[in-house]
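The values are calculated or read from the model by the stated rules, or taken from the named source; none is laboratory data. These numbers come from a predicted model, not from an experiment. In this analysis, Cβ positions are derived from the backbone assuming ideal geometry, glycine residues included, and neighbour counts consider all displayed protein chains.
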Amino acid sequence: MYPQAIIPNQSYSPTSHGLMTWTHTEIIQHMLPRISHPMFVSGPFEIMEALEAVLTQGSAYGQFRNQSAISYFNATGEEALVEVIVSGYGSAATVLNAETVYYLSGRFIARLDITNEQDPYVFYDQELTLNIGNFDNIPSGIANKVGFKGLGIVVERTLIDAPCAANSLQQDLHVLIRHTDYNNLRKDKAVFEVMYIVPGNRLQQKTHGLYQLGREVHLAGYIRGFNPLRKCWEVQVLNLSVPSGNQTSVSPTKPSRPATKHNIKIQKVGSMVATATPAPVASTSRLPPIITPSAMQSEGRPSFESPSGSNIQYSEEGEVPETAGGEPETEPPFKNTYPKRRSGADMISEAYKRSKGK
């Protein structure tokens with residue numbers, strides 16, 4: 001018996017008993033692959049207070065939510081706090097204690113497309129929860145200590161002048177990455193974008209050409225703040241991995257600073273976006289305005305996007321880079337401290353002499 005042809009907008013019963021009925025659209029959606037480009041975070045979170053739990057009907061288990069915050073150093077070097085909600089599946093026996101710092105690991109959801117629900121969520125895993133203790137017992141503080149690992153698609157890239165050592169400038173790459181994940185509470189797809197800052201230093205400048213529009217990339221680093229003008233979170237990139245290759249770059253983290261959290265006002269993402277006003281920023285600012293490629297072309301400025309078929313070559317792991325003159329970069333020579341290995345003939349000859357001496 002041949003299968004029945006699928007007619008659009010008509011219902012079908014996969015079983016003879018009619019236990020399930022699908023439309024043509026639902027069948028197509030079920031067959032399509034579900035894209036998952038999540039963003040995982042891990043780090044210290046201080047629990048402020050417990051929020052209303054979302055329990056499964058007729059069960060003591062569900063999502064137990066708590067108010068917390070992500071701490072970071074802003075453009076002026078001062079510590080700032082942005083409110084987040086940490087939520088974990090469990091029961092009353094696994095709830096987090098207020099005024100306690102926990103090391104949490106889980107998925108980060110930062111949607112801004114839902115009115116009155118703009119607080120970012122961290123859906124943490126109970127198995128990885130670690131009680132660190134009271135905030136006063138952490139002398140180094142927890143600013144810039146929330147790390148991330150994210151997989152996403154490049155949707156925008158722009159080179160920006162940024163200050164660096166010796167009062168000079170370097171060109172940092174601002175890459176807008178689109179993430180796609182699942183919202184446990186709303187039970188729907190969550191799509192959001194995050195701005196990734198790739199430093200223009202010697203270590204990571206060579207990776208700028210790998211951030212091509214539409215390319216899937218895997219990044220790691222730490223959260224460095226929220227940009228209300230762009231309406232997205234900003235993160236500092238430390239590592240890069242392209243699924244089709246093995247290019248990785250690492251840069252050092254910032255030193256710890258004294259903890260001064262308790263006199264800092266916690267900001268909400270919604271209020272930051274509502275009160276954000278664009279202002280002129282000097283080119284030497286740590287967070288200069290984003291310059292889009294279209295605006296650069298209208299001003300007659302060259303595009304920074306790498307052209308297709310570019311002959312730029314990136315050194316492989318272990319390859320010795322060359323200078324502009326074609327000579328390899330000189331490094332202190334390696335001195336062999338091991339004794340010279342004897343050949344088989346020398347060992348036999350020495351043994352023969354010892355036997356004669358006996």
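Laid out as a table, the results:
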| read-out | value |
| --- | --- |
| Candidate set from the stretch 45-101 (those that are closer than 26 Å to I138 by Cβ and among the charged types (D, E, K, R)); member that is surrounded by the fewest Cβ atoms within 10 Å (Cβ to Cβ) | E49 |
| Identity of the residue in the stretch 76-120, among the acidic types (D, E) and more than 19 Å from the chain's Cα centre (by Cα), that ends up modelled with the lowest pLDDT | E117 |
| Residue that is surrounded by the most Cβ atoms within 10 Å (Cβ to Cβ) [pool: residues in the stretch 121-143 that are at pLDDT 95 or above and of a type in the set (S, T, N, Q)] | T129 |
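Results for (1) under 19 Å from K145 (Cβ atoms); (2) touching a Phe, Trp or Tyr at 6+ places or on another chain (Cβ under 7 Å); (3) not assigned by TED's automatic domain parsing to the domain that holds I177, shown as yes or no for each residue.
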site	(1), (2), (3)
F45	yes, yes, yes
S71	yes, no, yes
A75	yes, no, yes
A92	no, no, yes
T100	yes, no, yes
R107	yes, yes, yes
R111	no, yes, yes
T129	yes, yes, yes
